[in-house]
Amino acid sequence: MKLGRSLLLALALAPLTLPSAAMAADINMVLNWVPTADHAPYFYAKSQGWYADKGIELTIESGRGSGAAAQRVAAGASSIGVADMSTALLAKGKGANTVAVMSVYANTPQGFYWLKSSGINGPEDFPGHSIGNPPADASRVMWPLFAKTVGIDPESVKFVNITPQAKIASLKSNVIDITSDFYNEHDLKLREFGDDLGYVAWRNIGVNPYGNAVIVNPDFLANNKQMVADFVAITQKAFAACVENVDPCLDAIMKDVTGLDRDNQKDQWERIKELMRDDTTTTVALGAFSPERMASDYELVETYFSLEQPFDINDTYTNEFLATDVLMTK
């Protein structure tokens, strides 16, 4: 039986008129930890349909540390992730290949907390004490660098495995003497411990590598360059929107994530903006990496850690997908 010309034309055009949802790609994004304020822009962009508009069906998964996130992305279990940049560089030195496409923390958020009533006055008093954090915590991975910088033996402390949620309770109950945490949680500890809180920020002792960054699997990037470009453009736009007004962003994350205190998350976001701000993000692009700083970070990890597989630092990051008219506020 012969088909009419109109039917043949309809069949020929059918692939061009499929719903956009049919062309959507499922993308799994693994976070460095459980979702908090620094992850709000991803939830906000998703809630606004910005990723879906570009054919990206984004699934956001909680993580178990930057080291675990870097390994997961390198293995292709997640196409995209969030990880501490120095931790990602160390992982690459062991063969876990990732590419950073956007900086989140231009300044390291790493810090150590303790109670002054414990007799600890500063890092020089850390030897003989316990530090509680998760096994894949970036500060545990980078501990030898911190120890050498402040002049103590890296083997002089005992690490205790605790969950991120147990840090304050463990410190308060003296289960641990010291804990590591990101600066964005600073206000929560101030409210809990007041004047008894001791704190040292890595960036204040001259150790300021890049912190969290958005990383991608290099094979996924090579095969899906436009999709990665769209993802980065949307994410950069979302961060800029949240810097301008964080309230809708907090609405979005709190709708999807239980157990978050809004006031605490808002305090966190104010600290996060400090961490996002440097000369590069305010003049080149929000989320941009400085080649000079990245070279310095490579020298740092090469000097203090044994890289099984040395690499070209220029292969570990790109500013290619960032819009230069989207800047971090000064």
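The values are calculated or read from the model by the stated rules, or taken from the named source; none is laboratory data. Everything numeric here is computed off the predicted structure, so don't read it as measured data. Cβ atoms come from the backbone with ideal geometry, glycine included; neighbour counts cover every protein chain shown.
Select, from Asn121, Asn133, the only residue that is of a type in the set (S, T, N, Q), buried (at least 20 other Cβ atoms within 10 Å of the Cβ) and in the same structural domain as Ala166 (by TED's automatic domain parsing).
Values: Asn121 fails: buried (at least 20 other Cβ atoms within 10 Å of the Cβ).
Exactly one of Asn121, Asn133 is of a type in the set (S, T, N, Q), buried (at least 20 other Cβ atoms within 10 Å of the Cβ) and in the same structural domain as Ala166 (by TED's automatic domain parsing), namely Asn133.
Quick one: in segment 47-93, of everything that is of a type in the set (Asp, Glu) and touching a strand residue (DSSP E or B) at 6+ places or on another chain (Cβ under 9 Å), which residue is farthest from Thr316 (Cα to Cα)?
Going residue by residue through segment 47-93, those that are of a type in the set (Asp, Glu) are 53, 57, 61, 84.
With touching a strand residue (DSSP E or B) at 6+ places or on another chain (Cβ under 9 Å) added as a condition, the list becomes 57, 61, 84.
Details: Glu57: 26, Glu61: 23, Asp84: 13 Å.
Taking the candidates together, the pick is Glu57.
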Report summary line: If we keep only residues of segment 109-154 that are part of a strand (DSSP E or B) and not aliphatic (A, V, I, L, M), then the residue farthest from Val175 (Cα to Cα) is Gln110
Report task. Examine segment 270-285 for a residue that is part of a helix (DSSP H, G or I), under 14 Å from Gln236 (Cα atoms) and touching a residue at least 60 places away in the same chain (Cβ under 8 Å), and state whether such a residue exists. Result -> yes
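What are the residues in segment 140-182 that are of a type in the set (Ser, Thr, Tyr) and farther than 19 Å from Ile120 by Cβ, if any? First the steps, then the outcome.
Pass one, segment 140-182, residues of a type in the set (Ser, Thr, Tyr): 149, 156, 163, 170, 173, 179-180.
Residue satisfying the conditions is Thr163 alone.
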Query raised in the report: Consider Thr87 against the criteria (1) more than 17 Å from Leu307 (Cβ to Cβ); (2) β-branched (Val, Ile, Thr); (3) crowded, with 24+ Cβ neighbours inside 10 Å: it satisfies all of them except one. Which criterion is unmet?
Result: (1)
**Report entry** segment 312-322, residues that are over 15 Å from Val214 (Cα atoms) and touching a helix residue (DSSP H, G or I) at 6+ places or on another chain (Cβ under 6 Å)
**Finding:** Ile313
Query raised in the report: Would you say Val82 is in contact with a His (Cβ under 9 Å, 6 or more places away or on another chain) and in the same structural domain as Asp261 (by TED's automatic domain parsing)?
Result: yes
Query raised in the report: Can you tell me which residue in segment 167-214 is nearest to the chain's Cα centre (by Cα), limited to those that are basic (Lys, Arg) and more than 17 Å from Met276 (Cα to Cα)?
Result: Lys167
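If we only count helices (runs of 4 or more DSSP H) wholly inside segment 209-264, which ones have 3 or more residues that are touching a Cys at 6+ places or on another chain (Cβ under 9 Å) and at pLDDT 95 or above? If you could, list the steps in order and put the result at the bottom.
On the way: elements: 218-223, 225-244, 247-256.
Ranges flagged: 225-244, 247-256.
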